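Since the structure comes first, as structure tokens, the remarks are kept for the end.
The values are calculated or read from the model by the stated rules, or taken from the named source; none is laboratory data. Being a predicted model, the structure only gives us computed values, none of them experimental. So basically every Cβ, Gly included, is an ideal-geometry build from the backbone, and we count neighbours across all protein chains shown.
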Amino acid sequence: MPMHWTGRVTPVAFSIGKVSVAWYGILITIGMLLSLAICVRRFKRINVKSDDVLTLFLICIPMAVIFARLGYVVSNYKYYFTSPYDWDAFVNTIAIWKGGLTIMWGVPGGVIGGLIWCKLYKVDFVKTADLVLPTVLIAQVIGRWGNFFNQELYGQPVTDPTHQWFPLAIFIADEGGWYQATFFYEGVLNFIGFLLLIYLYYHIDIKGMGMLSYPAWYCLVRGSLEFIRADEPNVVDKALGFNSVILFCYLAAAICIGLIVFLGIRAKKKGQKIFYKHGIPPLPAEPQKKKEELASL
């Protein structure tokens with residue numbers, strides 16, 4: 001089978017001396033910066049300055065990267081924890097510049113960073129999570145193109161020549177054939193989810209909805225696409241005969257959706273207005289005197 005251009009991509013964008021910079025790292029960084037830009041605008045609704053939002057990201061991103069790398073290494077421990085475990089093996093373990101991050105592990109790290117920031121700046125954590133977490137979806141949309149350059153996150157073989165076209169399918173060089181472009185499917189679904197969650201946030205006033213809607217959406221997408229993934233073995237419990245990743249994703253999504261419904265019903269019973277046809281009004285601006293007092297601290 002002739003090689004398609006999608007099979008000729010390389011994970012390395014450029015090299016500086018002996019250090020190679022991967023497309024995955026570049027695209028993840030671009031996604032994070034876009035998420036930051038969106039958050040700067042969103043945080044104005046609760047009167048948080050852009051400099052403070054930048055500090056939030058400077059705390060959260062390193063924590064998220066550490067946890068995301070830890071998750072990837074643990075998932076592939078047989079590759080990283082070799083014997084003898086020498087200095088070169090250690091460097092290979094922390095070599096995030098080569099790619100290899102697990103988003104599902106990265107989010108808890110970012111949440112811990114958010115808790116630290118909220119404690120330092122005395123900002124409500126739930127409101128912060130409501131604003132930040134939906135923007136993670138847009139970062140993931142861009143980051144998934146790193147999987148394209150890495151030739152990973154693909155689905156089942158595509159044998160029908162009429163369906164062998166990008167982005168419906170992708171040519172995987174190591175496999176020598178066409179496979180479903182799962183990374184692209186996930187990117188499209190996450191982009192739809194991002195637009196949906198942004199719309200809901202501006203029209204539905206339920207504290208905690210943004211924080212819960214992100215894992216609900218992402219787990220539904222990830223769990224559904226797990227049915228067709230072929231680039232790595234599914235985590236299957238042989239005794240019970242199920243895919244544990246799918247089970248975890250659907251269970252987590254169900255819990256989050258249930259909590260959103262519960263919070264909405266509780267707010268309604270308290271007489272709170274939940275839906276705003278023309279958008280939830282932002283918080284009133286702080287008095288100038290208070291701003292000056294804060295600036296002098």
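For this structure, a couple of remarks:
- Residues of the stretch 190-205 classified as buried (at least 20 other Cβ atoms within 10 Å of the Cβ) and within 16 Å of the chain's Cα centre (by Cα), total: 4
- Of everything in the stretch 157-174 that is of a type in the set (Val, Ile, Thr) and not in a loop (DSSP other than H, G, I, E, B), the residue that is farthest from ALA22 (Cα to Cα) is THR162.
- Taking the conditions (1) within 23 Å of LEU200 (Cα to Cα); (2) assigned to a helix (DSSP H, G or I) in turn, ILE116 satisfies each one other than (1).
- Top-ranked residue of the stretch 20-78 - restricted to ones that are basic (Lys, Arg) and assigned to a helix (DSSP H, G or I), ranked as nearest to the chain's Cα centre (by Cα): ARG69
- Test for LEU56: is it in contact with a helix residue (DSSP H, G or I) (Cβ under 6 Å, 6 or more places away or on another chain), buried (at least 20 other Cβ atoms within 10 Å of the Cβ) and within 22 Å of TRP23 (Cα to Cα): no
- If the condition is being over 19 Å from LEU212 (Cβ atoms) and either modelled with pLDDT under 90 or among the hydrophobic types (A, V, I, L, M, F, W, C) (or both), then the stretch 109-138 contributes ILE116, TRP117, LEU120.
- Single condition GLY114 does not satisfy, out of (1) over 18 Å from LEU27 (Cα atoms); (2) touching a Gly at 6+ places or on another chain (Cβ under 9 Å); (3) free of Cβ contacts under 8 Å to residues at least 60 places away in the same chain; (4) crowded, with 18+ Cβ neighbours inside 10 Å: (2)
- Of the set (1) farther than 23 Å from ILE142 by Cα; (2) in contact (Cβ under 8 Å) with a residue 40 or more places away in the chain; (3) not hydrophobic (A, V, I, L, M, F, W, C), all apply to LYS49 but (2).
- Tally, over the stretch 142-156, of residues that are part of a helix (DSSP H, G or I) and either surrounded by 21 or more Cβ atoms within 10 Å (Cβ to Cβ) or among the small types (Gly, Ala, Ser) (or both): 6
- Of all residues in the stretch 79-98, those satisfying the criterion of being among the charged types (D, E, K, R) and either in a helix (DSSP H, G or I) or touching a helix residue (DSSP H, G or I) at 6+ places or on another chain (Cβ under 8 Å) (or both) are ASP88, LYS98.
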